[in-house]
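Below is one structure, written out as structure tokens; comments come after it.
Here, each number is a calculation from the coordinates, and none is a lab measurement. None of these values were measured; they are calculated from a predicted model. Heads up, the Cβs are rebuilt from the backbone with ideal geometry, glycines too, and the neighbour counts pull from every protein chain shown.
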Amino acid sequence: MKKTIASVKGTREFYPEEMALRNFIYGKVRAASQMFGYQEWDAPFIETIDLYAAKSGEELVKKQSFTFEDRGGDLVTLRPELTPSLARMIAAKQGSLTFPVRWWSFGPFWRYEQPQKGRSREFFQWNVDMLGVNSPEADAELIAIGATFLRSVGLSPERALIYVNNRRLMDSEFDALGIPVEKRLDVSNLVDRRTKMEPAKWDAYALDLGLNQTQLDGLKSILENFDLWKKSDELTRLFAALEALGVKEYVKFDPNIMRGLLYYTGTVFEAFDVTGSLKRAIFGGGRYDNLLADVGGQPLSGVGFAMGDVVIGIILQEAGLVPDFVPSPADVLVTIFDESFWMNSYALARELRESGLNVMVFPEPAKLPKQFKFADKMKMKIALVVGPDEVEKGLVVVKNLGSGEQVQVRREALISFVNETLK
RNA sequence: GCGGAUGUAGCUCAAUGGCAGAGCACUUGACUGUGGCUCAAGUGGUUGUGGGUUCGAGCCCCAUCAUCCGCCCCA
């Protein structure tokens, strides 16, 4: 190992190959968002710690945020999530914005966690939100955007599913069991852990939280009742809308989906890779009714979801859904025959560029085999040679690097010939 | 914060406590106007770092750093 200064723990370096994956995801995310008429926006990457202290969980603020003192002595934080910034920005212009607001964003976030598979300290996240409409149909639209994205990257419903539940439905079920309001958070965590714990231990944990045996049995029957949604008007309307939107096959009701965030009040949903080894959610979101009022705005209901780039990137790669990496964005290499023809090649490259082609010229005279080898490694499609014979006769050699065929073309016909070859 | 594993050439990895190696990649040549295939030669190392044990450490011991996997947490 040479002595090099290491990158910061938990960050990722984007070599061109990784950058291509990031841009692939960004392109699909943008397409899905824009297809539904959402506007792109962004917030500051650094915020005061107070913004998160108000509403985000204590764990997030105290242990998982990159927080430091600026030169003026204020505590600032690299943003760990976007929603508080969204709430502030909406609240600040609440009187002048045209509602419903439909916004999407894709940008960097930081969380000081232990890096492992599917999780890094610096990552990109897609956020999509609609504010100003409170209806199951609006919830369905957000879910449809997520499903549209999954479909667009080639993840079929056999591969990825969105599980849906509703906080209000669960609350009324918990009421019926006589589970008091102050135990809701504990029960919520309990439900979240059900798939991670052995059944006997989970039972013991439940009783330990203060549930009695009748409540435990009742809870279990709720969590195993996949027809429970029929009791909820909201979910009945949600599924009708999902069918009309053409994404119903991606969505399943699951009473076990709770989501940790405190601010969700109605519909909640999470997408998972059904077959893969990765147990982490692809994206997740839900309806939040109180967020705007909590940051000082007028009460305003919203619904949204977020997707990190790390998990979806791994899934797409493992599923072979990432397009082949093309090293060079240029299709054409102009070789330099020798020093006396150097400027000749530069001028030829310029001429081709001005016609709209992406053209790379070898940077200096070198042996032709070396230049061809370079073009081959960069997976370029065409190499051009202008040597003494060609200049004398007004020709250019066009070599098709895929087939190996090469022909001499009159210089005046070069651009149309190259364009034809590239088709 | 806790636990497990791994650090040797640019990459993937070998090497009973006894001369630090292979494949791929790279450079050159076979081939002075043509890449992929083949063959040959060559370049490339403070074995993550710092200590210790030993006649002798890539290997054993201690510490430390980094990476990976899992737990916790997951807004």
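Sorted from longest to shortest, the spans of the Cα atoms of chain A along the three principal axes equal 95, 54, 52 Å. According to the Kirkwood relation over distinct C-alpha pairs, the hydrodynamic radius of the range A:142-182 is 12.6 Å. Partners of A:K279 within straight-line reach, counting lysines whose Cα lies under 20 Å from its Cα and excluding those fewer than 8 residues away in the same chain: A:K117, A:K196, A:K252. Placing R0 at 22 angstrom, the Cβ-Cβ distance between A:I415 and A:M343 gives a FRET efficiency of 0.65 after rounding to 0.05.
Sorting A:R411, A:R167, A:R71 from the fewest to the most surrounding beta carbons within 10 angstrom yields A:R71, A:R411, A:R167. Relative to the current alpha-carbon distance between A:A240 and A:R22, full extension at 0.36 nm per residue lengthens the span by 75.0 nm.
Could you work out the relative contact order of chain A? I mean the mean sequence separation of Cα pairs under 8 Å and 6+ apart, divided by the number of residues, in percent.
Values: 662 pairs, mean separation 62.8, N = 423.
Worked out over chain A, it gives 15 percent.
Seen through its C-alpha gyration tensor, with square-root eigenvalues sorted a ≥ b ≥ c, the range A:227-316 comes out oblate because a/c lies at 1.5 or above while a/b is not bigger than b/c. Between A:R168 and A:E224, the simple label model (points 7 Å from Cα in the Cβ direction) yields a spacing of 2.9 nm. Fewest-first ordering of A:E13, A:E18, A:E47 by other beta carbons within 10 Å of each residue's beta carbon gives A:E13, A:E18, A:E47.
What number, in percent, do you get for the relative contact order of the range A:341-396 if the mean sequence gap of Cα pairs under 8 Å and at least 6 apart is divided by its residue count? Let's see the in-between values first.
Details: 23 pairs, mean separation 16.7, N = 56.
Taking the mean separation of contacting Cα pairs over the length of the range A:341-396, I get 30 percent.
Here r is the Cβ-Cβ distance between A:E249 and A:K196 and R0 is 25 Å; the resulting FRET efficiency, rounded to 0.05, is 0.35. Gain on full extension, evaluated as 0.36 nm per residue between A:K183 and A:R119 minus their Cα-Cα distance, stands at 20.0 nm. With R₀ set to 30 Å, the beta-carbon distance separating A:S7 from A:V407 gives a calculated FRET efficiency near 0.05.
Under 5 Å from the amide H of A:F66 lie the amide H atoms of A:L78, A:Y112, each residue being 5 or more positions distant or on a separate chain, with H modelled from the backbone and absent for Pro and chain starts. Each of A:F305, A:F24 has some number of other Cβ atoms within 10 Å of its Cβ, and from fewest to most they run A:F24, A:F305.
Taking the square roots of five times each eigenvalue of the Cα gyration tensor of the range A:149-250, the equivalent ellipsoid has semi-axes of 30, 18, 10 Å, listed largest first.
Taking the range A:365-423, which GluC sites (Glu not before Pro) meet the DSSP loop condition and have no more than 12 other C-beta atoms within 10 Å?
Details: sites: A:E390, A:E392, A:E405, A:E412, A:E420; in loops: A:E405.
Those satisfying the criteria are A:E405.
Neighbours of A:L223 by Cβ distance under 13 Å: Lys/Arg scored +1, Asp/Glu scored -1, total -4. Straightening the chain between A:V391 and A:Q298 buys 26.0 nm, computed as 0.36 nm per residue apart minus the Cα-Cα spacing. Think of the range A:131-263 as a dipole: +1 on every Lys or Arg Cβ, -1 on every Asp or Glu Cβ, centred on the Cα centre; then among A:A240, A:A144, A:G132, A:A144 lies furthest on the positive end. Applying a DSSP loop filter and a limit of 15 other Cβ atoms within 10 Å to the GluC sites (Glu not before Pro) in the range A:145-206 leaves A:E158.
Take every pair of alpha-carbon atoms less than 8 Å apart whose residues are at least six positions apart; their mean separation over the length of the range A:105-153 yields a relative contact order of 29 percent. Most mobile of A:N127, A:N290, A:N358 per a Gaussian network model of chain A (Cα springs, under 10 Å)? Fluctuation is largest for A:N358.
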